[in-house]
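Some notes on the structure that comes next.
No lab work stands behind these numbers, since they all come straight from the coordinates. The model shown is predicted, which means the values in this text are computed figures rather than measured ones. Cβ coordinates were reconstructed from backbone atoms using ideal geometry, including for glycine residues, and neighbour counts include every protein chain displayed.
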Amino acid sequence: MGTTPRPRAERLGAERAIDYRSEDFAAVVRELTDGRGVDVVLDMVAGDYIGREIECLADDGRLALIAVQGGAQSSVTVAVTLAPCPVPSFASW
């Protein structure tokens with residue numbers, strides 16, 4: 001998946017490209033992954049995109065920031081990162 005112009009990206013072999021200008025990329029990612037999310041988001045924009053990129057991540061997914069073209073500051077609702085998870089028992093350690 002990528003967010004380059006769809007026809008070009010798909011001609012180059014992308015299974016599905018997402019046009020961030022006309023599609024909600026977080027919703028498309030959730031749909032394409034049956035709600036699972038992706039393992040890695042590679043971000044060159046940062047700024048206001050961070051929150052939606054976090055929504056795209058699978059459990060234990062990684063967000064890799066490699067530039068801040070959209071700005072170095074962002075406001076994120078951290079509650080989206082807190083999914084219910086089982087607490088390990090000491091017996092499993």
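Grab the other residues whose beta carbon is less than 13 angstrom from that of A72, score K and R as +1, D and E as -1, and report the net. Write out the running numbers ahead of the final one.
Working: positive: none; negative: D43, D48.
Around A72, the surrounding residues sum to -2.
Report the calculated FRET efficiency for A27 and A67 (r = Cβ-Cβ distance, R0 = 22 Å), to the nearest 0.05.
Values: r = 24 Å, r/R0 = 1.11.
Efficiency, from the Cβ-Cβ distance: 0.35.
Note down the relative contact order for the stretch 9-73 as a percent, whole number, built from C-alpha pairs under 8 angstrom at least six residues apart.
Details: 88 pairs, mean separation 19.8, N = 65.
Reported relative contact order: 30 percent.
So, counting K/R as plus one and D/E as minus one, what does the shell of residues with Cβ under 12 Å around D39 add up to? Please report the intermediate quantities before stating the final value.
Details: positive: R36, R62; negative: D59, D60.
It works out to a net charge of 0.
Relative to the present Cα-Cα distance, how much length would full extension add between T77 and D39 at 0.36 nm per residue of separation?
11.7 nm
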